[in-house]
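**Q** My questions will all concern the structure given below.
Readers should treat all values here as calculations from the given coordinates under stated rules, not as data from a laboratory. All of these numbers come straight from a predicted model, not from anything done at the bench. Reconstructed Cβ throughout: ideal geometry from the backbone, glycine too, with neighbour counts over all protein chains shown.
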Amino acid sequence: MPHSWNIPERRVEMPERHYGWRSQIILGLLLLGVWLLFSGHYDVFHIVAGVLSVAFVLTINRSLFKVRLYSGDVYRPIRLLALAGYLPWLLKEVVIAALQVARIVLTPRMPVDPSLVEFHAELPNAAAQTVLANSITLTPGTVTIDITHGVFLVHAITDSSSVSLVEGVMPQRVVGLFAGDESGAVTDVSIHKWVDA
């Protein structure tokens with residue numbers, strides 16, 4: 001039997017945002033570090049070539065830093081200490097989810113109950129939304145399909161796959177990566193099940 005999803009369509013505006021010189025300097029130093037690491041040469045010629053290359057890349061990509069993906073989007077850098085705590089937690093979640101998916105696949109009756117989970121997460125900026133979307137997709141059993149104005153649409157193979165999303169555990173962890181007042185609270189949760197057409 002053919003199936004269909006009952007999801008409304010949304011449109012997105014693209015206003016502008018501005019990054020400061022501090023973020024440009026940090027990005028430039030990171031790019032220069034990558035240049036030096038990959039070149040393997042630390043003489044004057046290679047360092048000057050790296051600096052010129054980084055300056056060129058920052059200049060041609062300057063307009064990308066002005067793109068604001070949604071109203072109220074602001075730049076906040078990831079806190080490295082928080083990232084050091086987030087990555088092991090995410091790895092643990094990926095392993096647990098992988099074991100759950102393996103159990104589902106190895107069960108003869110395959111208890112798959114797919115659904116689309118739609119929720120709003122209060123996140124500080126577009127970077128936080130990207131981190132959350134990628135974290136969801138990295139976790140077996142869930143895939144981020146769409147993000148519009150902080151509303152996430154996620155495909156989950158079972159109800160248990162989306163528990164940390166609906167309860168707000170993963171969004172709160174992502175908010176902890178950025179300096180901000182947002183709570184990471186998940187609101188307006190709706191679960192869409194298969195509908196026979």
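**Q** Step through the residues of region 144-161 one at a time and calculate ³J(HN,Hα) from phi using the Karplus curve (6.51 cos²θ - 1.76 cosθ + 1.60, θ = phi - 60°), rounding each to whole Hz and writing x for Gly and Pro.
**A** Result, rounded to whole Hz: 6, 9, 7, 9, 9, 6, x, 9, 9, 10, 10, 8, 10, 7, 9, 5, 5, 5.
**Q** For region 80-196, what is the charge dipole size about the Cα centre, in debye to the nearest 20, if Lys and Arg each add +1 at the Cβ and Asp and Glu each add -1 at the Cβ? Please report the intermediate quantities before stating the final value.
**A** Numbers: 5 positive and 11 negative charges, 103 e Å.
My answer is approximately 500 debye.
**Q** Which far-off residues, 5 or more places away or on another chain, put their amide H under 5 Å from the one on A185, with H placed in the peptide plane?
**A** E122
**Q** On a full-extension model of 0.36 nm per residue, what is the gain between T107 and L37, subtracting their alpha-carbon distance, rounded to one decimal in nm?
**A** Numbers: separation 70, 0.36 × 70 = 25.20 nm, distance 4.74 nm.
Length difference between fully extended and current span is 20.5 nm.
**Q** With θ taken as phi - 60° and the coefficients 6.51, -1.76 and 1.60, list the Karplus ³J(HN,Hα) couplings across region 43-55 in order, rounded to whole Hz; mark glycine and proline as x.
**A** After applying 6.51 cos²θ - 1.76 cosθ + 1.60, I find 8, 4, 4, 5, 5, 5, 4, x, 4, 5, 5, 5, 4 Hz.
**Q** So, in nm, how far is label V189 from label T59 when the simple model puts each one 7 Å beyond its Cα toward the Cβ?
**A** 5.1
**Q** Residues of region 20-44 with amide nitrogen under 17 Å from the 7 Å Cα-to-Cβ point of V51?
**A** 25-37, 41-44
**Q** Return Y86, Y42 ranked ascending by Cβ neighbour count within 10 Å, so the fewest neighbours appear first. If you can, show how the numbers build up before the last one.
**A** Details: Y86 19, Y42 9.
With the sparsest Cβ surroundings first, the list reads Y42, Y86.
**Q** Got a sec to turn the phi values of region 86-102 into Karplus ³J(HN,Hα) couplings, 6.51 cos²θ - 1.76 cosθ + 1.60 with θ = phi - 60°, whole Hz, x for Gly and Pro?
**A** Residue by residue, region 86-102 yields 6, 4, x, 4, 5, 4, 4, 5, 5, 5, 4, 5, 5, 5, 5, 5, 4 Hz.
**Q** G85: net charge of surrounding residues, Cβ under 10 Å, Lys/Arg +1, Asp/Glu -1, itself excluded?
**A** On the way: positive: R79, R173; negative: none.
Overall, the nearby charge balance is +2.
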